[in-house]
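*Asks:* Sharing a structure here in structure tokens format.
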Amino acid sequence: GFGGDGDEDLTTKEEDTALRPKRLEDMIGQREVYERIMIAVKAAQIRKEPLGHILLDGPPGLGKTTFAMCIPRALDVPLQIASGAALAAPKDLLPYLTNASEGSVLFIDEIHRLPKAVEEFMYPAMEDFRIDITLGEGVNARTLNMPLPPFTIIGATTRTGLLSAPLRDRFQVREHLEFYNQEELCEIVTRNAQKLKVEIDDDAAQKIAVCSRGTPRIANNRLRWVRDYATTKADGEATFAVAKAALDMLGVDPLGLDGQDRKYLETILRVFNGGPVGVEAIAHTLNMAPDTLTDEVEPFLLRAELVVRSPRGRKLTTAGYAHLGETPPEELGA
Ligand code: ADP
């Protein structure tokens, strides 16, 4: 990423563990996804069959890992965790597959980052619970067919579109996680304030919820920051005024946008005259990977209707101009 501020909100995972719900029932929001996953889990239990493979997609911090960790707990089966980025060759996947026990779950985070060779190696494992291992080279090469116990893969990705169709099709259940509403985020903040033993007023919890970009991980990070601020500046009590001062100091604006979000909007405004502009050009100007913009920065700004996607690229909306304190050009109908 670029710049210091805000970056960590989207990428720090170590601190997630303490506040991560342990059981599916403890998860807040995502009701429809939750209900469908519960049905699949219960059906697997009743039929004593392994759960079908599950693909979860959505922006970072919305609960993909949390679902993936709660599901095996609900089934009382072992869980293995792998990352697509670390599986460079089929041999890297091998230990996970040979360790898989009947009904167990293998969670592959960032599954879109699997190289093609690993992906293809996985197809028979997912479909028929077997793998083909090639021994030797050239004319002496032989293929060894190895059966696997029936097991479940849970894949997580920021965008389903990043996966090849054959891989995508091998998941029986595909769920998209959406941003959380204020009420849900407020509940998450209130519950986690208890876990962190910080006294927080209702309107302070609301303020943090509004400022969290619809994302539980960001809500947790903001809450921790407000707690630190309250500890050092206000005898530990998180009132509305304390929360507001703490978030102002972080550079979080009233819509919850951070420095990175504003740099993105301001680049469209000042460098590209409000757009339309292609995401590559914005990414280039900001010295960022286009995928990071598409998967981590843009989804919330699109949902907040500060920008729109048009056939010719991204454009600021009237609300986008207003948020930057600018008057929109006449053709936007100000
Ligand atoms: P992802 O894998 O999509 O990036 P995570 O599952 O790691 O996101 O979620 C980040 C953090 O947000 C978790 O550690 C947890 O504390 C919190 N969180 C996510 N989803 C929920 C939820 N539905 N209810 C409560 N907290 C949640």
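*Asks:* Per residue of the chain, what 222 nm ellipticity follows from adding -39500 (n - 2.57) for every DSSP H run with n ≥ 4, rounded to the nearest 500?
*Replies:* -12500 deg cm²/dmol
*Asks:* Let me ask you something else. In a Debye calculation with equal point scatterers on the alpha-carbon sites of the stretch 144-220 and no solvent, what is log10 I(q)/I(0) at q = 0.24, 0.28 Å⁻¹?
*Replies:* Normalising to I(0) and taking log10 leaves -1.03, -1.23.
*Asks:* Between Ala165 and Ala322, 0.36 nm times their residue separation minus their Cα-Cα distance comes to what?
*Replies:* Result for the pair: 52.5 nm of gain on full extension.
*Asks:* OK, next. For Lys233, which lysines qualify as cross-link partners when the Cα separation must be under 26 Å and same-chain residues fewer than eight apart are set aside?
*Replies:* Within the straight-line cut-off, Lys233 pairs with Lys195, Lys197, Lys207, Lys244.
*Asks:* Give or take rounding to whole Å, what are the principal axis extents of the alpha carbon atoms in the chain, in descending order?
*Replies:* Extents along the principal axes, in whole Å: 69, 47, 32.
*Asks:* Right, another one. Choose one answer from Gly275, Gly155, Gly214: the residue with the largest mean-square fluctuation in a GNM of the chain with alpha-carbon springs under 10 Å.
*Replies:* Of Gly275, Gly155, Gly214, the Gaussian network model singles out Gly275 as fluctuating most.
*Asks:* Taking the alpha-carbon distance from Lys91 and a cut-off under 22 Å, which lysines remain once sequence neighbours fewer than 8 residues away in the same chain are dropped?
*Replies:* Straight-distance partners of Lys91: Lys116.
*Asks:* Moving to a separate point now. Please report the net charge: other residues with Cβ closer than 15 Å to the Cβ of Leu324, K and R +1, D and E -1.
*Replies:* That works out to -1.
*Asks:* Roughly speaking, what is the centre-to-centre gap between the stretch 76-131 and the stretch 222-299 when only Cα atoms are used, to the nearest Å?
*Replies:* 35 Å
*Asks:* Then there's this: Select from Arg174, Arg270, Arg222 the residue whose mean-square fluctuation is largest in a Gaussian network model of the chain (Cα-Cα springs shorter than 10 Å).
*Replies:* In the Gaussian network model the winner is Arg270.
*Asks:* Still on this structure: Pick out, in residue order, every one of the trypsin sites (Lys or Arg not before Pro) in the stretch 279-326 that is DSSP loop and has at most 10 other C-beta atoms within 10 Å; say none if there are none.
*Replies:* Loop-located and lightly packed - Arg312.
*Asks:* Report, largest value first, the span of the C-alpha coordinates of the stretch 24-133 along each principal axis, in whole Å.
*Replies:* 40, 33, 18
*Asks:* Name the residue, out of Leu301, Leu93, Leu135, whose mean-square fluctuation peaks in a Gaussian network model built on the chain with Cα pairs under 10 Å.
*Replies:* In this elastic network of the chain, the residue with the biggest mean-square fluctuation among Leu301, Leu93, Leu135 is Leu135.
*Asks:* What does a probe at Asp253 reach in the stretch 195-215, counting residues whose amide N is under 20 Å from the point 7 Å along Cα→Cβ?
*Replies:* What the label zone holds, given the 20 Å backbone N cut-off, is 207-215.
*Asks:* In the stretch 25-122, what trypsin sites (Lys or Arg not before Pro) fall in a loop by DSSP, with at most 12 other Cβ atoms inside 10 Å?
*Replies:* Lys48
Every number in this text was worked out from the coordinates using simple rules, so none of it is lab data. Keep in mind that this is a model prediction, so the values were computed, not measured. Virtual Cβ from ideal backbone geometry, glycine too; neighbours counted across all protein chains shown.
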